[in-house]
1. Which ³J(HN,Hα) values, rounded to whole Hz and listed in residue order, are derived for region 48-54 from phi using the Karplus coefficients 6.51, -1.76 and 1.60 in 6.51 cos²θ - 1.76 cosθ + 1.60 with θ = phi - 60°, glycine and proline given as x?
2. Return the long-range amide H neighbours of PHE313 (sequence gap of 5 or more, or a different chain), with a cut-off of under 5 Å between placed amide H atoms.
3. Identify which of the listed values of P(r) over Cα pairs in 20 Å bins from 0, in percent was calculated from the structure shown: [x] 21, 36, 22, 14, 7, 1; [y] 27, 57, 15, 0; [z] 27, 47, 23, 3.
4. Taking springs between alpha-carbon atoms closer than 10 angstrom, which of GLY328, GLY179, GLY50 fluctuates most in the Gaussian network model of the chain?
5. Listed highest first by mean packing, meaning other Cβ atoms within 10 Å per residue, what order do 126-139, 57-70 come in?
6. Mind listing the phi-derived Karplus ³J(HN,Hα) values for region 114-127, rounded to whole Hz, using 6.51, -1.76 and 1.60 with θ = phi - 60°, and x for any glycine or proline?
7. In terms of modelled amide H atoms, which long-range or inter-chain residues lie less than 5 Å from the amide H of ALA269?
8. Starting from the Cα gyration tensor of region 172-294, take the square roots of the eigenvalues, sort them a ≥ b ≥ c, and report rounded, prolate or oblate (rounded when a/c is under 1.5, otherwise prolate if a/b is larger than b/c, else oblate).
Amino acid sequence: MTGDRTRTDRTTTVLSRRGLLALATAGLAGLAGCGYRPGGGDVRWEIETGTGPYSPDDLLVVGDRLVTVNRSRRGFDFEAETWGESAEIAAYDAATGRERWAASAPPCGRPAVGDDSLYLGHEDGGVTALDADGSTRWQGSVEGFPRRLAAAGDRLYALTDADDLVALAATESPAASAGDRLWRASVAAETTSALAATADGVVVRDAEAAGTTVRSIRRDGEGRWSTEVPGAPGDVRPVVADGTVYVPAGDRLTALALGDGTERWSREAGRLRGSPAVGDGAVYYVADRTLSARDAEDGSVLWQFDPSDGRGFSAPPAVAGERVYAAGRDTLYALAAADGSVRWAVEADGADAAPLVVGRTVAVPVEDGVVRGHRRA
């Protein structure tokens, strides 16, 4: 990887989604006998999530399953003969797109995933842990609505609208049962925007009109450090990787040492869209509709990519192995993580959300509430 290399003049052939679907429906096994080899970007399946023209609120990986969550959906209960709201959750096989299970729950906030479990925080203060097969592992409760959750190891952290940060036991231990409340800290929940859990604690981002503060709290509830971060306030989740906390704030991306909160570097990056992705010594992010890669150690630019259609990107990328995946308005790209060169590009009608990598599949929400799975390679 070389520093300060910009790549914006590439010509990309975009494969037609209709052509790929035609190949899929014709039967890839038969085509293989005619010399066709399934390749990167081929459509493996499509899921109709039932959300009309909208994407699911959350697209997650739980174990080897792809899970969609609609946090609050209005519907009619025929038994009670009344209208109500509920969260709708469904899990699908990542290889085939086949639905494995579906469930309803009280309306929930932003869910979290940890140790092959899905965690939901409900409006009534309940907290539910589901296994990858949809079965309930445990249920707990907090005071207030746990709008944001973060999980790592044997801890689940809940940020509530009652100005609380609560730690719950995510697994059984000699000291606590799963779902037990371990400690509670008072925070300004209305101005606290995001959480990121680590093996030894949680990172809390406080966003106020004056700026952004990032705090690290130990797993026992004791504060570790607090650091002011340059840039405008916002509600984007920080990312923790390899002993570093990456904080998007307005038009700046800042890297802090996880151990003591000291600033490692801070760079102007343009208008950031979502949380960055980190992998193999680089940080990948979308800003000003451009996909960029920076060196994780010093923040220097490694490469940049602008799609030739001029529409750019509006959602953060995903990274897996040697590839970075990003969705433009109508195209899904797979780029080489080392230099940003295009490995494949396919039509993705109305794609405007972050792709998700699960196994050999890249999943991306597209128009009309559809989630489409593409072959990675």
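Read-outs: derived from the displayed coordinates by stated rules, not from any lab. All values derive from a computational prediction rather than experimental measurement. Methodologically, a virtual Cβ is constructed for each residue, glycine included, from the backbone with ideal geometry; neighbour enumeration extends over all protein chains shown.
1. 8, 7, x, 9, x, x, 9
2. Those qualifying (amide H under 5 Å, at least 5 residues apart or on another chain) are ARG289, THR290.
3. Label of the calculated value: [y].
4. Sorting by GNM fluctuation, first place goes to GLY50.
5. The most tightly packed comes first, giving 57-70, 126-139.
6. Per-residue couplings from phi come out as x, 6, 6, 10, 9, 10, 10, x, 9, 4, 7, x, x, 10 Hz.
7. ARG252, LEU253
8. Details: a/c = 2.11, a/b = 1.64, b/c = 1.28.
Note, shape of region 172-294 comes out prolate.
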